[in-house]
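The values are calculated or read from the model by the stated rules, or taken from the named source; none is laboratory data. All of these numbers come straight from a predicted model, not from anything done at the bench. Backbone-built Cβ (ideal geometry, glycine too); neighbour counts: all protein chains shown.
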Amino acid sequence: MIQQGQNKDLLEEKLKWVKYRLEILDKIENKLKEIKTLAQYAKNNNLNSTQIKEINSKINILNEEILKLDEESRTFSPDYN
């Protein structure tokens with residue numbers, strides 16, 4: 001019975017982590033959409049070099065945020081929060 005309880009606890013923790021991971025993946029998806037929008041804007045408009053640098057900077061920041069979110073949420077850990 002103790003082992004069953006431990007398995008149940010572990011499965012509940014994994015379920016919580018999966019829900020957490022899905023939330024993070026939604027955030028990542030939103031950031032990717034923002035990157036796509038910025039890239040399309042840059043492609044479709046005649047921007048000067050300052051504007052291009054600003055968009056590249058925003059894209060780089062979003063990319064760093066995506067990598068950080070992914071890294072922090074990728075591995076299962078009972079104390080993920």
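Could you tell me which numbered condition Gln51 fails, if it satisfies all but one of (1) within 18 Å of the chain's Cα centre (by Cα); (2) surrounded by 13 or more Cβ atoms within 10 Å (Cβ to Cβ); (3) polar (S, T, N, Q); (4) modelled with pLDDT of 95 or more?
Going through (1) within 18 Å of the chain's Cα centre (by Cα); (2) surrounded by 13 or more Cβ atoms within 10 Å (Cβ to Cβ); (3) polar (S, T, N, Q); (4) modelled with pLDDT of 95 or more one by one, Gln51 breaks only (1).
Going by the structure shown, is Leu10 modelled with pLDDT under 95 and in a helix (DSSP H, G or I)?
Spelling it out, Leu10 is indeed modelled with pLDDT under 95 and in a helix (DSSP H, G or I).
Since Asn46 meets every condition but one in (1) assigned to a helix (DSSP H, G or I); (2) modelled with pLDDT of 95 or more; (3) exposed (fewer than 10 other Cβ atoms within 10 Å of the Cβ); (4) not hydrophobic (A, V, I, L, M, F, W, C), which condition does it not meet?
Answer for Asn46: the failing condition is (1).
May I ask you to list pairs of residues, at least six apart or on different chains, whose Cβ atoms are under 7 Å apart, with the first in the stretch 68-81 being over 8 Å from Ile24 (Cβ atoms) and the second being at pLDDT 70 or above and part of a helix (DSSP H, G or I)?
Listed pairs, sorted by first residue: Phe76/Lys14; Phe76/Trp17; Pro78/Glu13; Tyr80/Trp17; Tyr80/Tyr20.
Identify all residues within the stretch 36-56 that are without any contact (Cβ under 8 Å) to a residue 12 or more places away in the chain and either over 24 Å from Ile66 (Cα atoms) or not polar (S, T, N, Q) (or both); write none if there are none.
Hits for the stretch 36-56 are Lys36, Lys43, Asn44, Asn45, Asn46, Leu47, Asn48, Ser49, Thr50, Ile52, Lys53, Glu54.
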